[in-house]
Amino acid sequence: MENKSHALLAGLFTVALLIAAVFFALWFNRDRVDRIPYEMATSLPVSGLNPQASVRYRGLEVGKVDSIGFNPQKTGEILVRISVDPSTPITHSTFGTLGYQGVTGIAYVQLDDDGSKPALLPSSEKRPARIEIRPSILDNIQNRSAAILQQTEALTANFNALLAPANQQKIIAAIDQIGSAATALEALPKQLEPALAQLPALVGNAQQTLTSISALSRQGSALAADLAKTTRQLQAPGGPLAKLTDTAEHYSAIADNIERDALPAINALTNEARTVMQTFNRSLGRLGENPQSILLGTPDLPPGPGEAGFEGR
């Protein structure tokens, strides 16, 4: 009986020792660092992320994930609660993404900062500050995979339409035309050889033409200089233009004198000649009516009313 009691006491002592060892290990291994809590909200999937997952700031481990759950105030939103070291520079522009360790699929929270709002973000246990979770590269690939697949399908359909029998005939005809054009291009240098052979002579003629043009330009410059000299001589005081101007003014004065003195006399002489001609014409008319008046003289006019010998009808 005594042996049984000793065995029971030994067993109880062993169990107590094991419990004490477990509590000691838990107490020894507990996290003694006071971390600052933060909350992250996202509507993206968090596949591979588990509690106690590491939190890294630009690659450095600064904390752990405390809990993951749904937001009761917003349907479909996931809340990830993390705690980080107080020395971590969490600012208003800090954001988080999900990173993955190799090919295992185990996720962790990757914190980064774009520097747009450098003020530190305060947080507490009662009111944890919220950090934005942005899509990672894999999330962007997954979101755009549907559009990429649609574009791939459209490209495949267009490629199939391009390889349709009717288009194949057109492609073959286009290739034949390209071959014909290449053949024509091969014959083109031979056709250009005569023209290329004449190029040296053409260049020589062009040089001679340029020489002639240069000489003609020099002659034109000399002619322009002579014309300028002649113009200066013509316009000089006492020159031909001045003399011509004086002569024109002299003849203008003579014309004025003729108009002022000679024209009235000529007009009077013209009037007298007109009167003489009228008298001469009347004399001729009378002579035609009575030619004998040359020998007998002009007959007397019959007496008019009131004169002696007037006889009324």
The answer for Val46, listing residues at least 5 apart or on another chain whose modeled amide H is closer than 5 Å to its amide H, is none
Compare the peptides 180-186, 119-125, 48-54 by average per-residue count of other Cβ atoms within 10 angstrom and give them in order, highest first. 48-54, 119-125, 180-186
Stretched fully, the stretch from Ala166 through Val15 gains (0.36 nm per residue minus C-alpha distance, one decimal, in nm) 45.5 nm
Out of Ala154, Ile175, Gly220 - ranked by how far each Cα lies towards the positive end of the dipole of segment 149-244, with unit charges on the beta-carbon of charged residues - the top one is Gly220
Going by average Cβ neighbours within 10 Å, how do the peptides 111-118, 55-62 rank, with the highest at the top? 55-62, 111-118
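None of the figures in this text is laboratory data; all of them are computed from the coordinates on show. Just so you know, these numbers come straight off a predicted model, no measurement behind them. Neighbour counts run over all protein chains shown; Cβ positions are idealised from the backbone, glycine included.
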